[in-house]
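J.: This is the structure I have questions about; it appears just below.
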Amino acid sequence: MPRSWQRALAVVAHPDDLEYGAAAAIAEWTAAGKEVRYLLVTRGEAGIDGIHPDECAPLREREQRASAAEVGVEQVEFLDHRDGVIEAGPALRRDLAGAIRRHRPELLITMNHREHFGDRSALNTPDHRVVGQAAIDAAGDAGNRWIFAEQLGEGGLEPWNGVRWVAVAASPEATHAQPVGEPAVRAAIGSLLEHRAYLEGLGAEPEQYARDLITGGATAAAESFGGRRCVTFELFPR
């Protein structure tokens, strides 16, 4: 993975998306002094079957903020697109381009935009696909002053063409990897554990589930990347 950057923005659909693996890489980066910020397109209100969305949204927002803090992330923003039915199109791209113009990252992180995960039987969800593709597109939109021009001038923003890479987590077509040491793995486990209500809603035993998922994922990725535990990304240079 590239190292010559200082600020990253992670754009995903739901609370917990980044905690399914990418958080260990983020822990490595923040420990090295890099700044990572989170943007969540929804509040995850449709994510727990047994909790009504009106109650679920603030709960999942609290869990996400606590989760981010575990890996050194201080700034967490939420948009208010509807969980489960995020719509592709200019409105979403406008919101993401505006966020990129505000935060001015060099590295843009997002979630798998492809139809499946590593196993073709593990189909991806519509929200992940829509947000991942929109983030890739918005990296270019943000640098073009004639796209979403209402955000400029009186809108208070300026074009930002400084995104040098888009890194897609959990992609079945990974090209790069960030090695992760034991402290980062422990931080990532703690980060996922902050989503306790969500994990319990899945019927999981949170501690065992988080340990197995994070350590298992990092260890499995090592087979393709030099034998070191790592988090993988599909990297698009710009």
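J.: What is the number of the single condition among (1) over 17 Å from VAL12 (Cβ atoms); (2) out of contact with any helix residue (DSSP H, G or I) (no Cβ under 7 Å at 6 or more places or on another chain) that ASP49 does not meet?
T.: The failed condition is (2).
J.: Oh, and also: Residues being at positive phi and either part of a helix (DSSP H, G or I) or aliphatic (A, V, I, L, M) (or both): count how many of those fall in the stretch 67-107.
T.: The total comes to 0.
J.: For the structure I just gave you, tell me whether SER171 is touching a residue at least 24 places away in the same chain (Cβ under 8 Å), touching a helix residue (DSSP H, G or I) at 6+ places or on another chain (Cβ under 9 Å) and hydroxyl-bearing (Ser, Thr, Tyr).
T.: When the stated conditions are applied, SER171 passes them.
J.: Among residues belonging to the stretch 174-196 that are in contact (Cβ under 8 Å) with a residue 60 or more places away in the chain, surrounded by fewer than 18 Cβ atoms within 10 Å (Cβ to Cβ) and under 27 Å from ARG60 (Cα atoms), point out the one that is farthest from the chain's Cα centre (by Cα).
T.: Within the stretch 174-196, the match that is farthest from the chain's Cα centre (by Cα) is PRO183.
J.: Ok, one more. Which one of these is under 26 Å from GLY156 (Cα atoms) and either of a type in the set (D, E, K, R) or surrounded by fewer than 20 Cβ atoms within 10 Å (Cβ to Cβ) (or both): VAL76, VAL85?
T.: On the way: VAL85 fails: under 26 Å from GLY156 (Cα atoms).
The match here is VAL76.
A quick yes/no check of all residues on (1) buried (at least 20 other Cβ atoms within 10 Å of the Cβ); (2) closer than 25 Å to VAL231 by Cα:
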| residue | (1), (2) |
| --- | --- |
| GLY33 | no, yes |
| THR42 | yes, yes |
| GLU45 | yes, no |
| ASP49 | no, no |
| ASP54 | no, no |
| ALA57 | yes, no |
| ALA69 | no, yes |
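J.: With the requirement that a residue be in contact with a His (Cβ under 6 Å, 6 or more places away or on another chain), outside any loop (DSSP other than H, G, I, E, B) and farther than 21 Å from HIS103 by Cα, what does the stretch 24-66 give you?
T.: GLU63, the sole residue that qualifies.
J.: Of the conditions (1) hydrophobic (A, V, I, L, M, F, W, C); (2) touching a residue at least 12 places away in the same chain (Cβ under 8 Å); (3) assigned to a helix (DSSP H, G or I); (4) more than 21 Å from GLU28 (Cα to Cα), LEU199 fails just one. Which one is it?
T.: (2)
J.: If you don't mind, there's one more thing I want to ask. Show the residue pairs meeting these rules: Cβ distance below 8 Å; 6+ apart or different chains; first residue within the stretch 215-229 and closer than 10 Å to VAL180 by Cβ; second residue open to solvent by 70 Å² or more (accessible area, probe 1.4 Å) and polar (S, T, N, Q).
T.: ARG229/THR219
J.: What residue, of GLU234, GLU200, GLU207, GLU158, is among the acidic types (Asp, Glu), surrounded by 16 or more Cβ atoms within 10 Å (Cβ to Cβ) and modelled with pLDDT of 95 or more?
T.: Result: GLU234 is the single residue among GLU234, GLU200, GLU207, GLU158 that is among the acidic types (Asp, Glu), surrounded by 16 or more Cβ atoms within 10 Å (Cβ to Cβ) and modelled with pLDDT of 95 or more.
J.: Could you run through the stretch 112-145 and say how many residues are open to solvent by 20 Å² or more (accessible area, probe 1.4 Å) and not charged (D, E, K, R)?
T.: 16
J.: I need the full set of residues from the stretch 60-106 which are more than 14 Å from the chain's Cα centre (by Cα), more than 20 Å from GLN6 (Cα to Cα) and of a type in the set (D, E, K, R), in order please.
T.: Answer for the stretch 60-106, where residues must be more than 14 Å from the chain's Cα centre (by Cα), more than 20 Å from GLN6 (Cα to Cα) and of a type in the set (D, E, K, R): ARG60, GLU61, ARG62, GLU63, ASP80, ARG82, ASP83, GLU87, ARG93, ARG94, ASP95.
The values are calculated or read from the model by the stated rules, or taken from the named source; none is laboratory data. The model shown is predicted, which means the values in this text are computed figures rather than measured ones. Glycine gets a Cβ as well: all are built from the backbone with ideal geometry, and neighbour counts include every protein chain shown. These accessible areas exclude ligands, DNA and RNA; they are computed on the full protein's heavy atoms, side chains included. Shrake-Rupley method; radii C 1.70, N 1.55, O 1.52, S 1.80 Å.
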